[in-house]
1. Pop out a list of residues from the range A:89-113 that are at least 50 Å² less accessible with all the protein chains around than in their chain alone; 1.4 Å probe, no ligands or nucleic acids counted.
2. Residue separation times 0.36 nm, minus the C-alpha to C-alpha distance between B:Leu118 and B:Asp81: what's the value?
3. Any chance you could run the full-extension gain for A:Ser73 through A:Asn52? It's 0.36 nm times the residue separation minus the Cα-Cα distance, nm to one decimal.
4. In terms of the ratio Rg/(2.2 N^0.38 Å) built on C-alpha atoms, what value belongs to the protein assembly as shown?
5. Where does each of B:106-115, B:70-79 land if you order them by average Cβ count within 10 Å, highest first?
6. With a 1.4 Å probe, what is the total accessible area buried between chains B and A, in Å² rounded to the nearest 100?
7. Based on the mean of other beta carbon atoms within 10 Å per residue, what is the order of A:13-20, A:47-54, most packed first?
8. Just to confirm, what accessible area per residue do you get for chain B at 1.4 Å probe, in whole Å²?
Amino acid sequence: EPEVTQTPSHQVTQMGQEVILRCVPISNHLYFYWYRQILGQKVEFLVSFYNNEISEKSEIFDDQFSVERPDGSNFTLKIRSTKLEDSAMYFCASSAGLGTEAFFGQGTRLTVV
Amino acid sequence: AQTVTQSQPEMSVQEAETVTLSCTYDTSESDYYLFWYKQPPSRQMILVIRQEAYKQQNATENRFSVNFQKAAKSFSLKISDSQLGDAAMYFCAYRSPTHTGTASKLTFGTGTRLQVTL
């Protein structure tokens, strides 16, 4: 069964460092998303991406964040200069079409120290 | 902006019994999508069931069914014949109607932690 794959599963980084979280969406999907979940809290939307551009972004997704689909298969989230409060589980998701369900990856746990 | 409310932080059910998780939402839109996601201890988000607002019939997936009350903006999840593997965090989520050429985000509730006891 096709699935969304995220790497790494866990990343520890020092405050101020740049991190790149990687995702391989399901191959025929056209819509891509990043969400994050701070420990013990709800899942929050960060950004959606369609047709090689950002469709929508939340207020969390400030200039420190960027997304890219560099090679037609990977979908990355970059955090330019990490802060302690960026520590969270980051989920990538993809969906085939408008209104269809989003399939989530297993998440990357980011710990900023 | 849409909001999703899950008023039960924790629920408990005995194995083989039935449990209902509540969800209410607020929207001014008439056509939208509702979902229940399960998050086990592994923390992966797994889709349990979806409902299109234009459909009057309640969605059903094996032991999982929903009670969708559009006028009341209520979307509860019923789990029948509960199993130990059903123990997880359950999130209700809302998706806006689609607009041509754009992706639409999910708005999640705060979740309900379901315990299943022997």
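The values are calculated or read from the model by the stated rules, or taken from the named source; none is laboratory data. Computed from a predicted model, the values in this text were never measured in an experiment. Heads up, the Cβs are rebuilt from the backbone with ideal geometry, glycines too, and the neighbour counts pull from every protein chain shown. Keep in mind that these areas ignore ligands, DNA and RNA; they rest on the heavy atoms of the full protein, side chains included. Shrake-Rupley method; radii C 1.70, N 1.55, O 1.52, S 1.80 Å.
1. A:Leu98, A:Gly99, A:Glu101, A:Phe104
2. Taking 0.36 nm per residue and subtracting the Cα distance, the gain is 12.1 nm.
3. Going from the current span to full extension adds 6.4 nm.
4. Here the Cα radius of gyration is 1.01 times the empirical estimate.
5. B:106-115, B:70-79
6. Roughly 2100 Å² of accessible surface disappears when B and A pair.
7. Ranking the peptides A:13-20, A:47-54 by packing returns A:47-54, A:13-20.
8. Computed with neighbouring chains in place, this is 48 Å² per residue.
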